[in-house]
Amino acid sequence: MNSLRWRMKMPVGKDRIIVIGGGIQGCATAYFLARRGQDVTLLEKDHIARHASGVNAGGVRRLGRDPVEIPLSLASMDIWQSLQDHIGDHVDAFHPCFYLKVALDEDGQALGVDRTDALQKVGFQHEIWLEDPEIQRRLPHLSCPTYGGILVEGDGWALPWRIVQGFASAAVRNGARLVEDCRVISLERGGSGWQVHTTKGLFEAAQVVNCAGAWAAGLAALAGEATFPLSPYAPMLAVTDRRPAILPAVMGVLGQTLSLKQLHTGQFVIGGGVRAHANLETSRGEVDIPALAASMNLATTLFADITSARIIRCWSGIEGYMPDDLPVIGRGSQPGLVHGFGFSAHGFQLGPAVGEALADLVMGQQPRISLAPFSPNRFETV
């Protein structure tokens with residue numbers, strides 16, 4: 001982060017666009033805007049990648065998406081596969097592999113078969129059903145039989161902090177300004193745009209992009225928007241000590257909560273969205289070890305070799321969840337306000353395409369993917 005801090009500029013004059021929130025969506029938005037020659041400033045209340053975007057499981061997956069989210073996910077994978085063109089040296093943080101969700105019982109099998117059949121009928125061919133012999137061939141260290149599973153080739157995992165830093169650095173290289181430790185106090189319409197009062201002074205802009213994660217509903221309220229039903233939680237992860245390489249994929253279990261991968265360092269990362277309490281006031285999330293233990297036990301069912309591994313750390317990152325688990329992406333009711341939040345713990349892979357789409361909206365262009373399913377107006381507001 002020090003490489004970015006020295007380039008910060010305090011607010012001077014009038015900025016055309018302000019992006020609020022330094023997670024992957026905010027940094028990608030700032031990057032795509034700056035790359036197109038726009039005058040953009042990114043404000044982050046803590047530091048870049050401080051919360052969910054920097055401490056998530058790093059899954060880069062199309063597998064398991066809500067069908068309405070798949071076109072956005074496919075578009076984002078196009079960007080992931082050309083990261084070198086966007087973030088340069090940080091591209092080594094992305095590790096393509098295959099992604100596999102196995103069934104451990106007949107219920108899981110039915111769930112997986114029905115899903116792949118339904119997706120293929122509407123033209124999505126990326127999820128493929130595998131039978132157990134092929135799964136055992138691909139994963140010779142697997143410790144249990146399966147009832148088959150869903151495979152996606154070319155998904156993978158990434159080091160979240162480095163990817164977000166990569167987009168932030170690319171935004172700065174293209175002329176964006178980055179201001180950290182800058183909490184928004186109030187948002188007011190003034191003249192032809194917005195006045196953003198912060199702990200580091202007043203910023204003015206024609207347009208504001210709200211990428212504030214779990215804090216986005218509060219920011220929207222400051223801007224005069226109706227209430228969004230956004231709930232904060234802290235999805236948890238555990239990391240083991242280094243072990244011999246046995247897992248060349250990212251794995252999950254159909255109908256159960258698990259994300260399991262082995263880093264290039266040999267460490268296993270165990271998660272999958274098990275939630276703990278999050279406190280927005282203190283910006284801290286809890287770690288509920290008994291709840292996380294269920295995912296750990298499931299991981300050892302799949303790979304007995306993990307049983308002897310030592311957990312060396314656990315953590316959680318604060319994320320904002322919507323009632324339907326779909327994000328809010330689109331123009332707000334207030335002029336010059338655009339939203340991108342509520343990714344419900346599965347927004348990391350979507351981040352690049354969301355940033356591109358938000359940049360399109362800010363510039364008055366039509367995004368290449370329909371954002372209708374993610375409309376800010378889809379909930380009854382109070």
Conditions (1) without any contact (Cβ under 8 Å) to a residue 60 or more places away in the chain; (2) more than 20 Å from the chain's Cα centre (by Cα); (3) under 24 Å from Ala176 (Cβ atoms): number failed by Leu337: (1)
Complete set of residues in the stretch 234-250 that are surrounded by fewer than 23 Cβ atoms within 10 Å (Cβ to Cβ) and closer than 29 Å to Phe341 by Cβ: Ala238, Val239
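Looking at Phe379, Phe348, which is the one that is aromatic (Phe, Trp, Tyr), in a loop (DSSP other than H, G, I, E, B) and crowded, with 18+ Cβ neighbours inside 10 Å?
Phe348
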Some residue of the stretch 165-178 being more than 22 Å from the chain's Cα centre (by Cα) and within 14 Å of Ile20 (Cβ to Cβ): yes
Odd one out for His47, checked against (1) at pLDDT below 95; (2) farther than 27 Å from Gly191 by Cα; (3) in contact with a Phe, Trp or Tyr (Cβ under 8 Å, 6 or more places away or on another chain): (3)
Residues that are of a type in the set (A, V, I, L, M), outside any helix (DSSP H, G or I) and under 15 Å from the mean Cα position of the chain (by Cα), drawn from the stretch 59-83: Val60, Leu63
Unmet criterion (only one of (1) exposed (fewer than 15 other Cβ atoms within 10 Å of the Cβ); (2) in contact with a helix residue (DSSP H, G or I) (Cβ under 9 Å, 6 or more places away or on another chain); (3) under 17 Å from Leu247 (Cα atoms)) for Val122: (3)
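Let's see how each residue does on (1) in contact with a Pro (Cβ under 7 Å, 6 or more places away or on another chain); (2) assigned to a loop (DSSP other than H, G, I, E, B); (3) among the polar types (S, T, N, Q); (4) surrounded by 15 or more Cβ atoms within 10 Å (Cβ to Cβ):
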site: Glu225; (1), (2), (3), (4): no, yes, no, yes
site: Pro232; (1), (2), (3), (4): no, no, no, yes
site: Gln256; (1), (2), (3), (4): no, yes, yes, yes
site: Ile270; (1), (2), (3), (4): no, no, no, yes
site: Val287; (1), (2), (3), (4): no, yes, no, yes
site: Ala291; (1), (2), (3), (4): no, no, no, no
site: Met296; (1), (2), (3), (4): no, no, no, yes
Condition met for Ile87 (buried (at least 20 other Cβ atoms within 10 Å of the Cβ), free of Cβ contacts under 8 Å to residues at least 40 places away in the same chain and not charged (D, E, K, R)): no
Ala103 vs. criteria crowded, with 19+ Cβ neighbours inside 10 Å and outside the structural domain of Thr300 (by TED's automatic domain parsing): no
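The values are calculated or read from the model by the stated rules, or taken from the named source; none is laboratory data. In this text the structure is predicted, and so the values were computed from the model without any measurement. Cβ: placed from backbone, ideal geometry, glycine included. Neighbour counts: every protein chain shown.
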